[in-house]
Amino acid sequence: MASRRSLYGLDWLNFFVANVQTGFGPFVAVYLTLHRWTDLQIGAMLSLGTVVAMASQLPAGALVDWMTGKRWAAAMAIGAIGTAATLFVVLPTEFGIGLAEILHGFASCMLNQAIAAISLGLVARRLLGERLGRNARFASLGNGLSAAVMGISGYYLAGTSVFVLTAVLAVPALVALSTIEAGTPAPSATARGKPARQSLRELGRLILDRRLLGFMACIAFFQLADAAMLPFIGNRIAAGGGHIANLVIGGAIVLPQLVVAGLSPAVGRAAERYGRRWVLLVAFAAEPLRAILFAAVTPALALMAIQSLDGVGAAAIGVLLPLIAADIAADRGHFNLTMGAIGLAAGGGAAVSTTLAGWVDQMVGNRAAFVALAAAGLIATLLVWLIMPETGPGAPPSAHAPAARAGAQPVSPSS
Amino acid sequence: MDSRAAIRDRAEASRAAGQRFAADRRWLCGALAALGLSEAVGGARAFAQATKPAPAAKPVPKPVPPKLEHVQKTHAESLLGQPVFDARRQTIGHIVDVLIDTEGKPHAAVIEFTGFLGVGARKIAVAWKALHFSLRKDHIVIRVAMDPAALRAMPAYDVNAKRVPVAAPARSASPKSPPAKSP
């Protein structure tokens, strides 16, 4: 079993990686504005980032599956993201930022997957839910804290400070990674991932797995409902929040992270005890509720409070995405490729979300946009109810994976 | 293959010829015609560029040559990305675009209110006459004398919209000039 040192290392790895990722978000647009980029250029660069992130999901998954040293995969990815942040500081030209966006897009996918694979290699299968809950807790603590620090430093100091901080934080992330022991036997049945020989047929079966397709559909609709909500609500708080608007927006970013930090381990345990499906159902149902409340409520502080409901869905996704991928991969192998496929569906939903909400906003109005998002959230919840099978080890063996359960006993770090 | 070699030969020949008879205009025209055929041949490109301006200058009436003048930075400063301050000298946002009228005169500046880490960023068009420019330490400082919170609550600027909402000062500027209207 993995040593305590390794597990603490993994905690801090999640924390610092989340730190590093915070700067790359909506802030990029502000940063480029400060460098006199026009809207057209900024838009093109952001689209480039989105396209790269989407296109990278499957290749990054396949790459991490193929690499035997998952820690190396993580180290390379952290290095690449640190480099991207450095490029933002030293070379804010179209070439530099374009390169940074490409590096960051691919490396993020890879890092996400490598951390999940490392976690999978460290704990027994039945403890995986709790471990992933811990991952999500430390990640959201990192996110919340660095959002607060960077938001304030970007506000009072030059915008550059955000990316300097980002690049510097790659160092403790690497240190944390290095404390995860080398001897940790990596990736067991699940992440061993290479049923090799007839791998093409295996891949075909993986792609047609009902659990994978079902979860992809659920998460695509969930993201369709989720992704546009923060920017839209941020805009509304900005307009109506008076002199403390920015503070309230900061709260709307940080509060949900605290909720995730509080909930995640419980989500992980609940997923092991009651099954993935029930947790998904409850968490997804919070999404349409949040959207409807947004449509109904106006005061800025109330909006901020409602936004903390986002933490419920975020905790569920943070824990269950890798957990369900591990369930599926227990039978089929290709753990990271499975995660990549789910990530692709999530990214697709998110990419459409802002466009859809923006369109409804223009055609009908702001409240209607939230009603549309609520509808998407409701569809996601119904999809979980109707088509998502239970994937956990406790589930009755599904017709689609008869031999599955054999491989599902605690995946002890064999050898 | 053969024809390309032939073209290259011709180009080589014409380049040599061009060097020898650069002064002779008729020869030059001949060489140029040959070069027109072999534009793609890399070796000839430098020569083509070197000779191109000569015929171009002939038929067109002579344009007025530009005059170089050096201006103080305080008389010609870049506007995009400049911070905008409120009455209490707090940064409220940055100028991201300038909207002009048919005469090319600036009508409004688009100011982006940053939000928190980029969330809640809003672009608001503010009437040009609401901006006050002053000089501080070799630097043009832009100030807008409107309540920043009220300004940020204005309808956001949208490039694609037919009508542009422009925030204009309500009381102070109205005696002098009528408030800005949407086109």
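The values are calculated or read from the model by the stated rules, or taken from the named source; none is laboratory data. Bear in mind that the values here come from a model prediction, so they are computed numbers and not experimental data. Here Cβ is always computed from backbone atoms with ideal geometry, including for glycine, and neighbour counts include all displayed protein chains. Ligands, DNA and RNA are excluded from the accessible area calculation, which covers all protein heavy atoms including side chains. Shrake-Rupley method; radii C 1.70, N 1.55, O 1.52, S 1.80 Å.
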Q) By a straight-distance test (C-alpha under 19 Å), which aspartates and glutamates pair with B:LYS137 as possible cross-link partners, with residues fewer than eight away in the same chain excluded? A) B:GLU77, B:ASP86
Q. How much area per residue is accessible in chain A when the probe is 1.4 Å and only protein heavy atoms are counted (Å²)?
A. 40
Q) Based solely on its DSSP helices, what 222 nm [θ] is calculated for chain A when runs of n ≥ 4 H residues each add -39,500 (n - 2.57) and the sum is averaged over all residues, nearest 500 deg cm²/dmol? A) -27000 deg cm²/dmol
Q: Measure off 7 Å from each Cα along the Cα-to-Cβ vector at A:ASN366 and A:LEU382, then give the distance between these two points in nanometres to one decimal.
A: 2.9
Q. Around B:ALA125, which amide H atoms from residues at least 5 apart in sequence, or from another chain, sit under 5 Å from its own amide H, with H modelled in the peptide plane?
A. B:ILE111, B:TYR157, B:ALA167
**Q.** Per-residue mean of C-beta atoms belonging to partner chains within 10 Å, peptide A:38-45
**A.** 1
Q: Report the net charge of residues surrounding A:LEU40, where surrounding means a beta-carbon distance below 14 angstrom and charges are Lys +1, Arg +1, Asp -1, Glu -1.
A: -1
Q) Averaged across the residues of B:118-131, what count of C-beta atoms belonging to other chains lies within 10 Å of each residue's C-beta? A) 5
Q: Using the structure shown, select from B:LYS67/B:LYS123; B:LYS73/B:LYS129; B:LYS73/B:LYS105; B:LYS62/B:LYS105 the pairs with a Cα to Cα distance greater than 26 angstrom.
A: B:LYS67/B:LYS123; B:LYS62/B:LYS105
Q) Rounded, prolate or oblate: which fits the range A:55-154, taking a ≥ b ≥ c as square roots of the Cα gyration tensor eigenvalues, rounded meaning a/c under 1.5, else prolate when a/b beats b/c? A) oblate
Q: Go through A:LEU263, A:GLY242, A:LEU87 and say which Cα lies farthest out towards the positive end of the charge dipole of chain A; charges sit on Cβ, +1 for Lys and Arg, -1 for Asp and Glu.
A: A:LEU263
Q: Mind jotting down the three principal axis lengths of the range A:28-109 based on Cα atoms? Whole angstrom, largest first.
A: 44, 23, 17
Q) Once the other residues with Cβ under 13 Å from the Cβ of B:PRO106 are scored (Lys, Arg +1; Asp, Glu -1), what is the net sum? A) -1
Q | Estimated dipole of chain A in Debye, rounded to 20 [Cβ of Lys and Arg +1, of Asp and Glu -1, Cα centre] | A | 1080
Q: Based on the mean of other Cβ atoms within 10 Å per residue, sort peptides B:101-111, A:105-115 so the most packed one is first.
A: A:105-115, B:101-111
Q | Under the Debye formula (equal points on every Cα, no solvent term), log10 I(q)/I(0) of the range A:220-289 at q = 0.28 Å⁻¹ | A | -1.21
Q) Taking H as built 1.01 Å from N, whose amide H comes closer than 5 Å to the amide H of B:VAL141, not counting residues under 5 places away? A) B:SER134, B:LEU135, B:ARG136
Q. Among residues other than A:VAL123 whose Cβ falls under 13 Å from its Cβ, what is the net charge (Lys/Arg +1, Asp/Glu -1)?
A. +2
Q: May I ask you to derive the relative contact order of the range A:301-378, considering only C-alpha pairs under 8 Å and at least 6 residues apart, and to give it as an integer percent?
A: 15
Q.
Could you order the peptides B:162-169, B:142-149, B:92-99 from most to least packed, using the average number of other C-beta atoms within 10 Å per residue?
A. B:92-99, B:142-149, B:162-169
Q: Could you give log10 I(q)/I(0) at q = 0.06 Å⁻¹ for chain A, computed by the Debye formula over C-alpha point scatterers of equal weight, without solvent?
A: -0.23
Q: Assign unit charges at the C-beta atoms only (+1 for Lys and Arg, -1 for Asp and Glu), then state the dipole size of the range A:240-353 relative to its Cα centre in Debye, rounded to the nearest 20.
A: 140
Q: Only residues of the range A:123-141 count here: report those whose backbone N is under 19 Å from the spot 7 Å along Cα→Cβ of A:ARG4, or say none.
A: A:123-124, A:131, A:134-135
